[in-house]
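**Student:** Handing you a structure now.
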Amino acid sequence: MRLCSIASGSSGNCIYTGSESTHLLVDAGISAKKVEEGLQKLQVEGKDLQGLLITHEHSDHIKGVGILARRYGLPIYATGGTIRRMKTMKTLGKVDESLYHVIRADQKFTIGDVDVEPFAISHDAAEPVAYRFACGEKRAAVATDMGVYTDYIVEHLKGLDVLLLEANHDLRMLQVGPYPYPLKQRIMGECGHLSNESAGQLLCRVLHDQMKKIYLGHLSKENNYAELAYETVKLEIQLGPVKYGPGDFDIQVAKREECSGICEW
């Protein structure tokens, strides 16, 4: 399998994953041109894609979906609630009804040789999900836009080889920053985003000997920066009730507007 963050941040998200024969995108919240440029670095073309897996309908996750779907006839996989909300958005443009495929949390489906398992997350969207992937014995997941994590989410993130996990904001930066109070409350609320500290604490519950790569993603441009997210997560692991130290794992912050390193295993 391979996983690569083409873009990850509050301004746009697009994650590639797949196998030698199956090529998938989780979200396309950047322009179609930027998606195609990112795919070129993976030696993948738009016509090679077999599906767009949408987590939820916010613009930083669907900006390029309409153009990509029309250009390549790409199937769009999303929950019923997400699809209904997407269809009301003029920015998406007209998309052939046959391209929409309704999925449901906890109901697995297969694209090519990759098994896909959506699971429910807590976010202020219609019917949001994160995704877990399996190809043979290989496992990966992309989990962002979560106000809180639960035992249910922890179970879906266990036994992974590679994980892209949200580390959206630093609590202190958010609290003293320029955002209006209602927006601060929304971000810190149960339907908002995971803080750096929460991301580290969640990681402590899913780390295991065979984990190969951790990406920290969906960083806020205004309320976080890469070094702070990285060091805070490392500290949570160091202080956490686990047998591991932060140096035991390959942890990387996914870049906001360009490809991060490709993980292949």
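**Student:** For the chain, what does the helix formula give at 222 nm: sum of -39500 (n - 2.57) over DSSP H segments with n ≥ 4, over the residue count, nearest 500 deg cm²/dmol?
**Tutor:** -7500 deg cm²/dmol
**Student:** Pairs of Cα atoms under 8 Å, at least six residues apart: use those to get the relative contact order of the chain, whole percent.
**Tutor:** About 20 percent, as a whole number.
**Student:** Would you mind checking the tilt of helix 226-239 against the longest principal axis of the Cα atoms of the chain, expressed as 0 to 90 degrees and rounded to 10?
**Tutor:** The two axes meet at around 60 degrees.
**Student:** Something else: Considering only Thr22, Thr55, Thr88, give the residue with the highest GNM mean-square fluctuation for the chain, with springs between Cα atoms whenever their separation is below 10 Å.
**Tutor:** The residue that fluctuates most here is Thr88.
**Student:** Would you kindly find the accessible area of Val95, with a 1.4 Å probe and non-protein molecules such as ligands, DNA and RNA excluded, rounding to the nearest 10 Å²?
**Tutor:** So the heavy atoms of Val95 present about 20 Å² to solvent.
**Student:** I've got another one for you. Taking the Cα centre of the chain as origin and charging only Cβ (+1 Lys, Arg; -1 Asp, Glu), how large is the dipole, in debye to the nearest 20? The partial results should precede the final answer.
**Tutor:** Numbers: 30 positive and 35 negative charges, 133 e Å.
My answer is approximately 640 debye.
**Student:** Another question, then. Hey, in the GNM for the chain with a 10 angstrom Cα cutoff, which one of Leu171, Leu235, Leu183 fluctuates hardest?
**Tutor:** Highest fluctuation among the options: Leu183.
**Student:** Over the chain, average the accessible area per residue using a 1.4 Å probe and give it in Å², no decimals.
**Tutor:** Accessible area per residue: 43 Å².
**Student:** Follow-up. Working from the alpha-carbon coordinates of region 1-80, get Rg over Rh, Rh being the Kirkwood radius.
**Tutor:** Checking Rg against Rh, the ratio lands at 0.92.
**Student:** Another question, if that's okay. Loop-only check: which GluC sites (Glu not before Pro) in region 90-194 are DSSP coil with at most 14 other Cβ within 10 angstrom?
**Tutor:** The qualifying sites are Glu137, Glu190.
**Student:** At 1.4 Å probe size, put His23, His218 in order of accessible surface, largest to smallest.
**Tutor:** Accessible-area ranking of His23, His218, largest first: His23, His218.
**Student:** Next up: What is the antiparallel percent of DSSP beta bridges lying wholly in region 103-247, to the nearest 5?
**Tutor:** That works out to approximately 60 percent antiparallel.
**Student:** Ok, one more. Using DSSP to define loop residues, name the GluC sites (Glu not before Pro) in region 1-63 whose beta-carbon has at most 12 other beta-carbon atoms within 10 Å.
**Tutor:** Qualifying residues, ordered by number: Glu20, Glu45.
**Student:** Something else now. Normalised by the number of residues in region 91-224, what is the relative contact order in percent for Cα pairs under 8 Å and 6+ residues apart?
**Tutor:** For region 91-224, the relative contact order is 24 percent.
**Student:** Roughly speaking, what is the stretch gain from Thr91 to Thr150, that is 0.36 nm per residue apart minus the C-alpha to C-alpha distance, in nm to one decimal?
**Tutor:** Gain on extension, Thr91 to Thr150, equals 17.9 nm.
**Student:** Just flag the chymotrypsin sites (Phe, Trp or Tyr not before Pro) in region 204-233 sitting in loop per DSSP whose Cβ has no more than 15 other Cβ atoms within 10 Å.
**Tutor:** Values: sites: Tyr215, Tyr225, Tyr230; in loops: Tyr225.
Taking region 204-233 and a limit of 15 other Cβ atoms within 10 Å, the loop chymotrypsin sites (Phe, Trp or Tyr not before Pro) found are Tyr225.
The values are calculated or read from the model by the stated rules, or taken from the named source; none is laboratory data. Just so it is clear, the model here is predicted, and its values are computed rather than measured. Cβ coordinates were reconstructed from backbone atoms using ideal geometry, including for glycine residues, and neighbour counts include every protein chain displayed. Each accessible area value is taken on the protein alone, full model and side chains, heavy atoms only, with ligands, DNA and RNA left out. Shrake-Rupley method; radii C 1.70, N 1.55, O 1.52, S 1.80 Å.
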